[in-house]
Amino acid sequence: SFIKSVTDINPSVSRHACEIIKYIDNPEYIFNRLIQEVQKVLAETEGIKQGRTYTQNKKNFALFWLLEGISGLAGAADDTELLKEILHKTALFHDYTIREKTAKTAGLYNLTEVLKLLENDENIYVRKYLLT
């Protein structure tokens, strides 16, 4: 239920879910489930041309909130190799909101190689996470 609420159609529900999951007794389990959901969404977006289609916007919305949930669980996982792979992909997204959440998440998990991918990004919202 928590994982589904992170990507709810209502952004207020998603925002509150991301706040709540920080206090769950087993954050590593939630982290792993969020990673699985991100992988699923990324697999579904592979055949979609990045742009402003309804389908792509829906997937970006899900990725945005899943990355926000993962960023809220910083320190919950010992193994961040899958996260690093995911962030390498999302750092290349056309949508700046996904790159912004990628930068935020990479910073919180101290994934400097991902941050280096974004160091020349010209978007102000992405750059603010590179300067901290």
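Observations
- For beta carbons closer than 6 Å, sequence separation of 6+ or different chains, a first residue in segment 65-85 that is in contact (Cβ under 8 Å) with a residue 12 or more places away in the chain and a second that is surrounded by 19 or more Cβ atoms within 10 Å (Cβ to Cβ) and polar (S, T, N, Q), the qualifying pairs are Trp65/Thr7; Trp65/Ser14; Leu67/Thr105; Ile70/Thr105; Ser71/Thr105.
- Any hit, segment 79-91, residues being touching a Gly at 6+ places or on another chain (Cβ under 6 Å), open to solvent by less than 40 Å² (accessible area, probe 1.4 Å) and at pLDDT 95 or above: no
- One residue stands out among those in segment 1-19 that are of a type in the set (Val, Ile, Thr) and touching a Ser or Thr at 6+ places or on another chain (Cβ under 8 Å): the one that is least open to solvent (accessible area, probe 1.4 Å), which is Val6.
- When the residues of segment 31-47 are filtered to those that are free of Cβ contacts under 8 Å to residues at least 12 places away in the same chain and part of a helix (DSSP H, G or I), the one that is least open to solvent (accessible area, probe 1.4 Å) is Ala43.
- Reported count of residues in segment 102-115, each being open to solvent by 20 Å² or more (accessible area, probe 1.4 Å) and not in a loop (DSSP other than H, G, I, E, B), is 6.
- Filtered residues of segment 77-101 (kept if in a helix (DSSP H, G or I) and β-branched (Val, Ile, Thr)): Ile86, Thr90, Thr97, Ile98
- Any chance Glu28 is in contact (Cβ under 8 Å) with a residue 40 or more places away in the chain, of a type in the set (Asp, Glu) and open to solvent by less than 80 Å² (accessible area, probe 1.4 Å): yes
- Residue in segment 48-64 that is farther than 17 Å from His94 by Cα, modelled with pLDDT of 90 or more and in contact with a Phe, Trp or Tyr (Cβ under 9 Å, 6 or more places away or on another chain) present: no
- Scope segment 10-27; condition small (Gly, Ala, Ser) and under 16 Å from the mean Cα position of the chain (by Cα); matching residues: Ser14, Ala17
- Filter result for Leu67 (of a type outside the set (Ser, Thr, Tyr) and within 23 Å of Lys116 (Cβ to Cβ)): yes
The values are calculated or read from the model by the stated rules, or taken from the named source; none is laboratory data. Quick caveat, the model's predicted, so the values are computed rather than measured. Here Cβ is always computed from backbone atoms with ideal geometry, including for glycine, and neighbour counts include all displayed protein chains. For the accessible areas, the whole protein counts, side chains as well, though only heavy atoms, and no ligand, DNA or RNA atoms are used. Shrake-Rupley method; radii C 1.70, N 1.55, O 1.52, S 1.80 Å.
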